[in-house]
Amino acid sequence: MEAAQTEEVHLRHVEKDVLVPKMMREKARVLCSEKVEAFNHCCKESSFLMVFKCREENSLMKDCLTQYYRDPAFYEECKQEYIKEKLEFQRTGIPSKNRKQKLPASM
């Protein structure tokens, strides 16, 4: 029933075009972390010459990220995850990032 329930949820324009793609970017950066880290390392080492010295690392990072951004199945996966978080927020009133934090030991 949960899968059918997430399919029926209507998403606003801002959710479909801003919030779900934001989630995609965050997840893609994790999935491409090696290439992102290689580019960041190159930039730190190259200083102001990074535009010239880090072309290959930048290209590999962009290719990896773009692969995920253009994948309709990845969009759908992120959309379903967003909907689950939205439904959980509606049920509990607690944003997902607050639910993931540990409660203090004194509670």
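No lab work stands behind these numbers, since they all come straight from the coordinates. This structure is a prediction, so every number in the text was calculated from the model and none was measured. Cβ atoms come from the backbone with ideal geometry, glycine included; neighbour counts cover every protein chain shown.
Here are the numbers:
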item	result
Residues Phe89 and Lys27, FRET efficiency given R0 of 25 Å [Cβ-Cβ distance, rounded to 0.05]	0.85
Charged-residue dipole, Cβ positions (Lys, Arg, Asp, Glu), segment 1-79 about Cα centre, Debye nearest 20	420 debye
Ascending count of other beta-carbon atoms within 10 Å, so fewest first, for Phe39, Phe48	Phe48, Phe39
Gain in span if fully extended, Lys97 to Glu76, counting 0.36 nm per residue against the direct Cα distance	5.5 nm
